[in-house]
Amino acid sequence: MPELFSDDFLWGASTAAHQVEGNNLNSDWWLIEQGPYGLQRSGDGLDSYHRFAEDMRLLADAGLNAYRFSIEWARIEPSPGALSRAELAHYRRMIDTAKALGLTPVVTLHHFTHPIWFEEQGAWLGDGAVDAFVRYVEFAAQILHDVDWVCTINEPNMVAVMHGMRVRAARGEQIDPTVLASPDESIGRVLIAAHRAAVPILRNATGAKVGMTISSQAQEAAPGAEQKLAEVRYLWEDMYLEGCRGDDFVGIQAYSTQTVDQDGLVPHTPSPDNTQVGLPYRPDALGIAVRHAHRFLDGIPILVTENGIATSDDERRIAYTREALRHLGEASDEGVNVLGYLHWSALDNFEWGHWEPTFGLIAVDRETFVRTPKPSLAWLGAVARTRTLS
Ligand code: GCO
C-alpha cells in the first residue's frame, strides 16, 4: 500500500477551549447558554482546563503527533486592556506539555468565544473591534514565540452566521434558531480585517505559520444552478478564502456537503443515515473542500484543521474517517498541498448548546471526568504511525 502523505505530515486531533475547559465564566457563550434559546450549559465542561495533560497524553500515546487547541480571550484579557499573566502562563504550560509529549501544538486564538466586555461593546460590530482583537493578539503573542502553527480566527464565516442571527434577534426580528441564516457580510468583513491585522503581529513575534480556519460546506450545484452556487459560495466561503490570500496556510474544516439550487441552500433530507447533527454522511466532502481551496487560492498549503462525524457508533467514525482520508490522499496525489489532518474531535465535548452529539475519539464521564479512549483513537494513531489506511 502506498504511504499516505509525507513523513512530516501532522496527524492529530482538535478541540476548542469553551467546548472542553469548563467554567468559562467571562465569555459571551456562558451568557448565551443562559439566554432564551433553550440551550444546554457547558458547566464544568470536561474539566480540560485542569486535565489537559491527560488529554494530550492519550493522543500522544495513541501515536498522534499534533494537537490543536484554542486559548481563551475571556480569560487572558478579563477586562479591557488588563492582561492576566496567570492565564497566559496556563496556556504556556499547555504548549510546553504538548511539546514534551511530542505533540506539535496548533494554537487557535479565537474559537467562537469572546469576553463579555467585548460583547457589551457590540462585539464585531462595535467601535474598535479590530483594535481590541489586535491588543489581545499582542498579549497572546508573548507565549507563542516557539509555536509553529497559529490559527487566528476559527470559522469567521460561522461566526458571521451566529453573531448575525443574535444581532437580528436583538433587534426584535423573529429568528428560527434551527435554520442557519447566511453569514452576515458586514460582520464577516470585520473578522477578515481582524485576521489581516493579526498576521503581521504574529509573524513579527513568532516563527509560526499563520492562517485562519474556514468552514467549508463543500457546496455543490444542482443541475443548472452553477451561477447561483457561485453567488452563495461567495457569501459562505469564498469571501473568507479571499481574506486568507498571502497566508502561510489555510485551515480547512469539512464534515458534509451542501447542495445549492436556483433558490439557494437545499435543506438536508432527514434520513437515518444522517449524523447526529443532521448532516448527510458524506466523507467525500473533505476532498471537495480541499480541492476548492487549492484552486481558489492557487495552491496554498492546506492544513485540515477539522473533519469528523457526530455518531454514537465508533465503527462508523472509523469508516467515515478512513474514507475521508482516502479522498484527502487522492486530492494530495493530484497536487493539492496538504500538510496535516487534525480530527474533530479529540474528546466528546460541548457542541455549542448540546451535549448529545459525540464527535470524540475519547469518551468522557462528565461526573467523574474519567476519559475512555474509543477504538477510533487507536485506529487513527495506527494510521499516523504507519501512514497507511488499514
Ligand atoms: C467548528 C467548530 C467546532 C464544532 C464542530 C462540529 O469550528 O465548527 O469549530 O467547534 O464543534 O465543527 O460541529
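Out of everything in the range 151-160 that is under 16 Å from Asp248 (Cβ atoms) and out of contact with any Ser or Thr (no Cβ under 7 Å at 6 or more places or on another chain), what residue ends up being farthest from the ligand (Cβ to nearest atom)?
Across the range 151-160, the extreme among qualifying residues is Thr152.
Take the residues in the range 169-197 that are at pLDDT below 90 and part of a helix (DSSP H, G or I); name whichever of them is surrounded by the fewest Cβ atoms within 10 Å (Cβ to Cβ).
Looking at residues that are at pLDDT below 90 and part of a helix (DSSP H, G or I), I get Ala170.
Yes/no per residue for (1) within 20 Å of the chain's Cα centre (by Cα); (2) aromatic (Phe, Trp, Tyr):
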| site | (1), (2) |
| --- | --- |
| Leu279 | yes, no |
| Ala285 | yes, no |
| Val290 | yes, no |
| Ala293 | yes, no |
| Asp313 | no, no |
| Arg317 | yes, no |
| Tyr320 | yes, yes |
| Ser332 | no, no |
| Gly340 | yes, no |
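Of the conditions (1) over 23 Å from Arg371 (Cα atoms); (2) under 21 Å from the mean Cα position of the chain (by Cα); (3) in a helix (DSSP H, G or I), Thr108 clears all except one; give me its number.
With respect to (1) over 23 Å from Arg371 (Cα atoms); (2) under 21 Å from the mean Cα position of the chain (by Cα); (3) in a helix (DSSP H, G or I), Thr108 is out only on (3).
Please find, among Gly251, Gly246, Gly278, the residue that is surrounded by fewer than 16 Cβ atoms within 10 Å (Cβ to Cβ) and within 16 Å of the ligand (Cβ to nearest atom).
Answer to the selection: Gly278.
With the checklist (1) within 25 Å of Ala285 (Cβ to Cβ); (2) touching a residue at least 24 places away in the same chain (Cβ under 8 Å); (3) more than 14 Å from the ligand (Cβ to nearest atom) in hand, flag the one item Met165 doesn't pass.
(2)
Return yes or no: is Leu286 in contact (Cβ under 8 Å) with a residue 40 or more places away in the chain, part of a strand (DSSP E or B) and either within 16 Å of the ligand (Cβ to nearest atom) or of a type in the set (Gly, Ala, Ser) (or both)?
Answer is no for this residue.
Name the residues in the range 5-42 that are away from the ligand (no atom under 16 Å from the Cβ), among the aliphatic types (A, V, I, L, M) and over 28 Å from Val304 (Cβ atoms), would you?
Leu25, Leu31
Hey, among Arg317, Arg322, which residue is more than 16 Å from the ligand (Cβ to nearest atom) and among the charged types (D, E, K, R)?
Sole residue among the options that is more than 16 Å from the ligand (Cβ to nearest atom) and among the charged types (D, E, K, R): Arg322.
Could you list all residues from the range 198-220 that are within 16 Å of the ligand (Cβ to nearest atom), among the aliphatic types (A, V, I, L, M) and outside any strand (DSSP E or B)?
Across the range 198-220, the qualifying residue is only Ala218.
List every residue pair whose Cβ atoms lie under 7 Å apart, where the two residues are 6 or more positions apart in sequence or sit on different chains, the first residue falls within the range 251-273 and is touching a residue at least 12 places away in the same chain (Cβ under 8 Å) and assigned to a loop (DSSP other than H, G, I, E, B), and the second residue, located anywhere, is of a type in the set (Lys, Arg) and within 16 Å of the ligand (Cβ to nearest atom).
Pairs found: Ser256/Arg282; Thr257/Arg282.
Would you mind stating whether Thr388 is without any contact (Cβ under 8 Å) to a residue 40 or more places away in the chain, surrounded by fewer than 15 Cβ atoms within 10 Å (Cβ to Cβ) and not aliphatic (A, V, I, L, M)?
Judged against the criteria, Thr388 is not a match.
Can you spot a residue in the range 127-138 that is among the β-branched types (Val, Ile, Thr), surrounded by fewer than 20 Cβ atoms within 10 Å (Cβ to Cβ) and under 22 Å from the mean Cα position of the chain (by Cα)?
Checked the range 127-138: at least one residue is among the β-branched types (Val, Ile, Thr), surrounded by fewer than 20 Cβ atoms within 10 Å (Cβ to Cβ) and under 22 Å from the mean Cα position of the chain (by Cα).
Please report, ordered by residue number, the strands (runs of 3 or more DSSP E) entirely within the range 295-374 with at least 3 residues that are touching a Ser or Thr at 6+ places or on another chain (Cβ under 7 Å).
338-344
The values are calculated or read from the model by the stated rules, or taken from the named source; none is laboratory data. Computed from a prediction, not measured in an experiment: that's the story for all the values here. In this analysis, Cβ positions are derived from the backbone assuming ideal geometry, glycine residues included, and neighbour counts consider all displayed protein chains.
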